[in-house]
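The values are calculated or read from the model by the stated rules, or taken from the named source; none is laboratory data. From a predicted model like this one, the values you see are computed outputs, not experimental measurements. In this analysis, Cβ positions are derived from the backbone assuming ideal geometry, glycine residues included, and neighbour counts consider all displayed protein chains. The protein model used for the area step is the full one, side chains on, heavy atoms only, and it has no ligands, DNA or RNA in it. Shrake-Rupley method; radii C 1.70, N 1.55, O 1.52, S 1.80 Å.
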Amino acid sequence: LVSASCDSTIQVFSLLESSLLSNVHVFREHHDSLTSLANAQNLLISSCADRTCRIWNLDRMECQGIHASDNRDLVSGIVSDGRRVVTASWDGDVTVLAIQAQ
C-alpha cells in the first residue's frame, strides 16, 4: 500500500495479518504536494506540484529517475505500463516518457 501527501512525502506500507499496517519506508525527495501516483510492476511513479515526476524502484526503495516537466501547469494524472509513463497536466499537455531499465 502506498500513500501520497500534501507534506511532499510518499509512504510505503506493508499489510500485516489482521489488517494492521506497518510503515516500511518514507520517500522525502519531492519538494511540494504530491498530485498523482501510479504503480507498474516494481515501480512507483509520482508527480508533484514541484513539476517533477519521479520513478521509484520499490525493490530497492530508491529513486531511479527524475523528469522535470516543461508543463505550464501541474501534472494531474499518470499511467504506466512499466516501460513508459504517460503524464497529463491541467493545461492539456500529455507527455510520454520511456523508463530506463536498471
*asked:* Looking only at residues that are open to solvent by less than 30 Å² (accessible area, probe 1.4 Å) and not in a loop (DSSP other than H, G, I, E, B) in the range 76-90, which one is modelled with the lowest pLDDT?
replied: Ser89
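Do the conditions hold for Ser36, that is, is it among the hydroxyl-bearing types (Ser, Thr, Tyr), out of contact with any Lys or Arg (no Cβ under 7 Å at 6 or more places or on another chain) and within 24 Å of Asp7 (Cβ to Cβ)? Even if it seems obvious, please write down each step before you answer.
Values: among the hydroxyl-bearing types (Ser, Thr, Tyr): yes; out of contact with any Lys or Arg (no Cβ under 7 Å at 6 or more places or on another chain): yes; within 24 Å of Asp7 (Cβ to Cβ): yes.
The answer is yes for Ser36.
Each row is one residue, and each column tells you yes or no for (1) loosely packed, with under 15 Cβ neighbours inside 10 Å; (2) of a type in the set (Val, Ile, Thr); (3) more than 18 Å from Asp7 (Cα to Cα); (4) at pLDDT below 90.
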residue	(1), (2), (3), (4)
Ser19	yes, no, yes, yes
His30	no, no, no, yes
Leu43	no, no, yes, no
Gly65	no, no, yes, yes
Ala68	yes, no, yes, yes
Leu74	no, no, no, yes
Gly92	yes, no, yes, yes
Ile99	no, yes, yes, yes
*Quick one: in the range 45-63, which of the residues that are without any contact (Cβ under 8 Å) to a residue 40 or more places away in the chain and part of a strand (DSSP E or B) is surrounded by the fewest Cβ atoms within 10 Å (Cβ to Cβ)?*
Glu62
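Name the residue that is farthest from Val75 (Cα to Cα), counting only residues in the range 17-36 that are of a type in the set (Ser, Thr, Tyr) and part of a strand (DSSP E or B).
Looking at residues that are of a type in the set (Ser, Thr, Tyr) and part of a strand (DSSP E or B), I get Ser22.
Taking the range 32-41 as the search range and keeping residues that are among the small types (Gly, Ala, Ser) and surrounded by 16 or more Cβ atoms within 10 Å (Cβ to Cβ), which one is farthest from Val85 (Cα to Cα)?
To start, the set of residues in the range 32-41 that are among the small types (Gly, Ala, Ser) comprises 33, 36, 38, 40.
In the following step, the residues that additionally are surrounded by 16 or more Cβ atoms within 10 Å (Cβ to Cβ) were identified as 36, 38, 40.
Details: Ser36: 12, Ala38: 9, Ala40: 10 Å.
Among those that are among the small types (Gly, Ala, Ser) and surrounded by 16 or more Cβ atoms within 10 Å (Cβ to Cβ), it is Ser36.
Within the bounds of the range 3-16, is there any residue that is of a type in the set (A, V, I, L, M, F, W, C), open to solvent by less than 20 Å² (accessible area, probe 1.4 Å) and either within 17 Å of Ile99 (Cβ to Cβ) or part of a loop (DSSP other than H, G, I, E, B) (or both)? Talk me through it step by step, then tell me what you get.
From the range 3-16, those of a type in the set (A, V, I, L, M, F, W, C) are 4, 6, 10, 12-13, 15-16; that's our starting set.
Applying the additional criterion that residues be open to solvent by less than 20 Å² (accessible area, probe 1.4 Å) yields 10, 12.
Adding the requirement that they be either within 17 Å of Ile99 (Cβ to Cβ) or part of a loop (DSSP other than H, G, I, E, B) (or both) leaves none.
No; the residues of the range 3-16 include none that is of a type in the set (A, V, I, L, M, F, W, C), open to solvent by less than 20 Å² (accessible area, probe 1.4 Å) and either within 17 Å of Ile99 (Cβ to Cβ) or part of a loop (DSSP other than H, G, I, E, B) (or both).
When you scan the range 45-61, do you find a residue that is among the charged types (D, E, K, R), at pLDDT 85 or above and in contact with a Lys or Arg (Cβ under 8 Å, 6 or more places away or on another chain), even just one? Before the answer, list the steps.
To start, the set of residues in the range 45-61 that are among the charged types (D, E, K, R) comprises 50-51, 54, 59-60.
Subset that is at pLDDT 85 or above: 54, 59-60.
Adding the requirement that they be in contact with a Lys or Arg (Cβ under 8 Å, 6 or more places away or on another chain) leaves none.
Within the range 45-61, none of the residues are among the charged types (D, E, K, R), at pLDDT 85 or above and in contact with a Lys or Arg (Cβ under 8 Å, 6 or more places away or on another chain).
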